[in-house]
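Engineer: Got a structure for you, written out below as structure tokens; questions coming shortly.
Any read-out appearing in this document is the output of simple, stated calculations on the displayed coordinates, not a laboratory observation. All values reported here derive from a predicted model rather than from experimental measurement. Quick reminder, even Gly has a Cβ in these numbers, built from the backbone with ideal geometry, and neighbours come from all protein chains shown.
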Amino acid sequence: MSKGNRNFLADKDIQLILGTLLRVGVISSMSVVFLGGVIYLISNSSAVVDYNEFDPGKSGLSSIVAIFAGLKHLDGAAIIQFGTLLLIFTPILRVVFSVFSFLIEKDYLYVLIGLFVLAVILFSLSNKLAG
């Protein structure tokens, strides 16, 4: 087997792993959100909802620590938020995996580009843009 053919298979394998990573991330996120929705509907079936006023701080799930604390108590809203976090972190994990695969291939230009993309994503997730 020639070296060029071996690299082609390695690139194909990396693409297969990246595709599988995205697929598993989205399916697991969807499953967690569905499970959280079922738990939320069962535990809050008799709650009366007031749609006249919106209070975003009412849920208390605005931090990752609060979400994990809610997971310990099997809080349906916390499980839904955790599924959303899984969905957000799936493409981030893909970028991290891509950076490592470019490092293995010794393609340093794409390592820099991947790190730049990762920095932009992490900066946008921080509170710096929210003001």
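Engineer: How do 53, 105 rank when sorted from fewest to most other Cβ atoms within 10 Å of their own Cβ?
Structural biologist: The fewest-first ordering by Cβ neighbours comes to 53, 105.
Engineer: Let me ask something additional. Where Lys and Arg each count +1 and Asp and Glu each count -1, what net charge lies around residue 112 among other residues with Cβ under 15 Å from its Cβ?
Structural biologist: Around residue 112, the surrounding residues sum to -1.
Engineer: Moving on. Which of the listed residues, 110, 30, 77, is farthest toward the dipole's positive end in the chain, when Lys, Arg count +1 and Asp, Glu count -1 at the beta-carbon?
Structural biologist: Most positive-ward Cα: 110.
Engineer: Across the chain, how many lysine pairs, 8 or more positions apart or on different chains, have C-alpha atoms separated by under 24 Å? Please give the number.
Structural biologist: The result is 5.
Engineer: Nothing charged except the Cβ atoms of Lys and Arg (+1) and of Asp and Glu (-1): what's the magnitude of the dipole of the chain about its Cα centre? Round to the nearest 20 debye.
Structural biologist: That gives a dipole near 500 debye.
Engineer: Shifting gears a bit: Taking chymotrypsin sites (Phe, Trp or Tyr not before Pro) as exposed when DSSP calls them loop (any state but H, G, I, E, B) and at most 15 other Cβ atoms lie within 10 Å, what is the longest stretch of the chain free of them, the sites themselves excluded?
Structural biologist: 55-131
Engineer: Classify the chain as rounded, prolate or oblate from the Cα gyration tensor: take a ≥ b ≥ c as the square roots of its eigenvalues, call it rounded if a/c is under 1.5, otherwise prolate when a/b beats b/c and oblate if not.
Structural biologist: Verdict is prolate for the chain.
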